[in-house]
1. If I ask for residues that are of a type in the set (A, V, I, L, M, F, W, C), under 19 Å from residue 28 (Cβ atoms) and over 10 Å from the mean Cα position of the chain (by Cα), which ones from the stretch 48-98 would you list?
2. Find all pairs meeting these conditions: Cβ atoms under 6 angstrom apart; at least six residues apart or on different chains; first residue within the stretch 11-22 and touching a residue at least 60 places away in the same chain (Cβ under 8 Å) and in a strand (DSSP E or B); second residue of a type in the set (Ser, Thr, Tyr) and surrounded by fewer than 20 Cβ atoms within 10 Å (Cβ to Cβ).
3. Does residue 26 fit the bill of being over 18 Å from residue 92 (Cα atoms) and surrounded by fewer than 16 Cβ atoms within 10 Å (Cβ to Cβ)?
4. Write out, first by first residue and then by second, each pair whose Cβ atoms fall under 7 Å of each other, whose residues are 6+ apart or on separate chains, and whose first residue, in the stretch 64-81, is within 10 Å of residue 15 (Cβ to Cβ) while the second is of a type in the set (Lys, Arg).
5. Any residue at all in the stretch 9-19 that is surrounded by fewer than 17 Cβ atoms within 10 Å (Cβ to Cβ) and at pLDDT below 95?
Amino acid sequence: MPVRQSVPVLHACSLLIDLRIPASRSLKAKRTVVKHLVEASRSRFGVAAAEVGHQDQWQRAELGFAAVSGAPGQVTGVLDAVERFVWSDPEVEIVSTERIWLETGG
């Protein structure tokens with residue numbers, strides 16, 4: 001009887017957050033807010049993070065975050081924490097959020 005090997009499962013999810021920065025009066029002011037959110041999310045939560053949309057608009061930004069784990073609950077927990085962190089910033093208003101899942105293996 002052959003030995004059955006388990007195939008590792010990868011769970012990855014991207015989180016897109018579309019936001020407004022109402023007090024921003026320039027791209028420089030916007031970059032200050034965006035840089036804080038992106039860098040703090042990377043260091044606090046260990047996610048990949050970047051500004052992915054609205055780069056030329058000074059009161060709008062779209063941020064992308066990604067997390068990967070062998071357990072979907074871990075990915076969900078990390079991205080929930082990132083989303084709460086962004087929501088808690090008094091300088092931004094959330095327009096929308098979206099999550100896209102990728103699962104491989106199994």
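The values are calculated or read from the model by the stated rules, or taken from the named source; none is laboratory data. The shown structure was predicted, so the numbers you read here are calculated from the model rather than taken from an experiment. When we count neighbours, we look across all protein chains shown, and the Cβ atoms used for this are built from the backbone with ideal geometry, even at glycine.
1. Initial filter on the stretch 48-98 (of a type in the set (A, V, I, L, M, F, W, C)): 48-50, 52, 58, 61, 63, 65-68, 71, 75, 78-79, 81-82, 85-87, 92, 94-95.
Adding the requirement that they be under 19 Å from residue 28 (Cβ atoms) leaves 50, 58, 61, 63, 92.
58, 61, 92 - these are the residues of the stretch 48-98 that are of a type in the set (A, V, I, L, M, F, W, C), under 19 Å from residue 28 (Cβ atoms) and over 10 Å from the mean Cα position of the chain (by Cα).
2. 11/69; 17/97; 18/96
3. Taking the combined requirement at face value, the residue does not satisfy it.
4. 79/99
5. Checking the stretch 9-19: at least one residue is surrounded by fewer than 17 Cβ atoms within 10 Å (Cβ to Cβ) and at pLDDT below 95.
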